[in-house]
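Read the figures in this text as sums done on the coordinates, not as results from a lab. Note that the coordinates shown come from a computational prediction; the quantities given were computed from them, not determined experimentally. Quick reminder, even Gly has a Cβ in these numbers, built from the backbone with ideal geometry, and neighbours come from all protein chains shown.
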């Protein structure tokens, strides 16, 4: 079986207990989630959950259907079956006593297009976002300096504008094409810019 | 003002009244409700609506919930149960899980501690919505009385549409007492629940018809979905048009008449040899309203291995869950069958050869038992009862175990909704309360709980409800003093080592498997005395010649009645396909 990494995006009603319901369902049916991110959408009555799951097509199909069966789940899309943009945000606190290493860390952060968001007497905090591999690579580079604390939001993802057949996904999700255009600014959708990480 | 209807009412109402009025408006005639501190306001409201809505007081909340299931399963309408918070609510849990697995439309209403106490570990507080998330189709904790009218509307809609199932509504006590002007017209807010689309695509129906036309050895595998969809008539027409034989799941019994020449009876672990052989050798399996449950399929990979599989079901998540379908149709099974019946033609191949093969299996491996047995065999008792009541409107409920499987094998069901069994969850203690609910829905029908002595004692307290609420349920108790199905597995697979499967005193020889003879030497407890203690009728029977008159007396008795039938404890339910096995592992002797 071809075990693939998939990114599922679920639009859910913004009501108490949805997250518990979904995570409970996934756990009780034995599905493993690599990452789960939840947040409000442009419509405050709806939230978006993004899952990263690993499994073959049959497992994926079951997860999708079991999610859709939950009454408060409005729609589930396998984002990774489209051309898509994926991001993960990380805050990492690194041990950095005053001295030469601070410059190295700063340089490394710049190369990865991160930013230093807090500086303490012995530690600095870096914010970095990007695809999973990039975050992973940064963690490996920064590890020798001494990671004090690390926190990640989990992956979020969005289908690229030019990947959308007009009226398909937008219509399915009850979102007008106008709204899709607003949430994905023009220009950001081209492959060149999107992948310049 | 006589012209005022409910849609224009603007009067202020308490939450409890809104809830109860909503039940009435949704056509609920009877509910089963056990009061407690946090559900008292709703019970007070129930007394105000008493002329339109009968409230039956069970003797245990689980009994009430299974009674509501009995009502729902036998009518197709929503069964309603109410309990208080905490232990009242948790006592419903088994029956809710049961309703989920068997797709029974059930609304469970629970009292909850006042909203300001929620999360404070208050007296009789349990987070019942949390407990029930995975075992309900949907759930509500109502925190604002203004939501209540809409929540009730949604609950009935969700419980009854698509694949039916249980919905729990948790009602904090303060919300029951809060006043508001209910907005009965507030639309439902269910953007993620779209069942109205589940009708077949014409292209899919054409594909199914084409597959049928090419088939040489087709078989139908039909289940509870046929009954839930009210598709028995459509199934009958489909079989008449195509001549395809029909095997039924436990949930499907009654969906197709047992005596029909194309009937293959029950499928699966304790199903008929001929239905299991037919599935094994078929080249086209038409699965209708079924979920490829392991008790039907055994080893998934080996089930209907050589066949093309058509799967029609309303629940998309059932398609390809346990077994890959070649043609899948996500649809209400009645709609699909009706579309199919418009265009379907019988297979081009002559099915006579297939029929002769099946008939030979039927002749060689009928459901059978030792008719010469000196005493009453369970199968004989069921067979005799079936013949005795064949002319009457009869409903049969069962517990779980050997008696359940023998009832499925030997009682012939010709109409949907006349057979009620806890099939998916397999809950002992289902029989008596379910029968109670059936009787409440069908006051003039004959309602018989065929039970085992283990199952019966799990909800025996409901005899009180049967007597006090004038529900003349009959119990044919097949009393072997053991947990017969577990004993069967002990004898088959565990060298007969008795491990807590004898229901009498522990110093009896049977407790350690050293019993002499076919019957337990003593019968404990005295079920007739218990029945009489509850003011029900009761008698015991052990001689074969006395069985028929004893059954007649039971049926003729005006009130609830327990007939305690002495049966042997080492009789086995056969045929049997061991768990996880294949049809080639079938045990027939």
A student applying the Cα gyration tensor rule (rounded when a/c is under 1.5; otherwise prolate if a/b is larger than b/c, oblate if not) would label chain B oblate
For chain B, percent of DSSP beta bridges that are antiparallel (nearest 5) comes out at 5
For segment B:6-180 (alpha-carbon point model, no solvent) the Debye-based log₁₀ I(q)/I(0) at q = 0.17 Å⁻¹ works out to -0.97
Correct semi-axes for segment B:378-566, from √(5λ) of the alpha-carbon gyration tensor and rounded to whole Å with the largest first, are 27, 18, 16
Listing A:54, B:541 by rising number of other beta-carbon atoms within 10 angstrom, fewest first, gives A:54, B:541
Checking rank on B:99-111, B:425-437, with mean other Cβ inside 10 Å and highest first, the result is B:425-437, B:99-111
Counting only DSSP beta bridges fully inside segment B:378-566, the antiparallel percentage to nearest 5 is 5
Most packed first (mean Cβ within 10 Å per residue), the peptides B:488-501, B:161-174 order as B:161-174, B:488-501
From DSSP H assignment alone, runs of 4+ in the protein assembly as shown each adding -39500 (n - 2.57), the sum over residues rounded to the nearest 500 puts [θ] at 222 nm at -10000 deg cm²/dmol
With Rh as the Kirkwood radius over Cα pairs, segment B:46-91 has Rg/Rh of 0.99
Counting other chain Cβ atoms within 10 Å of each Cβ in B:456-467 and taking the mean gives 0
Everything considered on the Cα gyration tensor (a ≥ b ≥ c; rounded for a/c under 1.5, else prolate if a/b is larger than b/c, else oblate), segment B:84-240 must be described as prolate
Checking rank on B:475-483, B:129-137, A:91-99, with mean other Cβ inside 10 Å and highest first, the result is B:475-483, B:129-137, A:91-99
If each part is reduced to its alpha-carbon centroid, segment A:81-101 and segment B:18-51 end up apart, in Å, by 58
Per-residue average of other protein chain Cβ atoms inside 10 Å, peptide A:63-75 -> 5
The residues B:339, B:353, sorted from fewest to most surrounding Cβ atoms within 10 Å, come out as B:353, B:339
Residues B:71, B:395 in order from fewest to most other beta-carbon atoms within 10 Å are B:395, B:71
Checked segment A:4-82 with the C-alpha gyration tensor, a ≥ b ≥ c its square-rooted eigenvalues, rounded below a/c of 1.5, otherwise prolate if a/b is larger than b/c and oblate if not; verdict prolate
Per-residue average of other protein chain Cβ atoms inside 10 Å, peptide B:186-193 -> 5
Distribution output for segment A:85-152: share of Cα-Cα pairs per 10 Å bin in percent, first bin at 0, values 22, 61, 15, 2
Whole-Å distance linking the alpha carbon centroid of segment A:127-159 with that of segment B:269-308 is 50
Sorted largest first, the Cα spans of segment A:62-121 on the principal axes come out in Å as 57, 25, 17
The alpha-carbon center of segment B:53-132 and that of segment A:1-73 are separated, in whole Å, by 28
Note on the protein assembly as shown, DSSP bridge orientation, antiparallel percent to nearest 5 equals 45
Expressed in angstrom, Rg and Dmax over the Cα atoms of segment B:202-364 are 13.9, 42
quick shape note, the protein assembly as shown: Cα extents on principal axes in Å, largest first -> 100, 67, 65
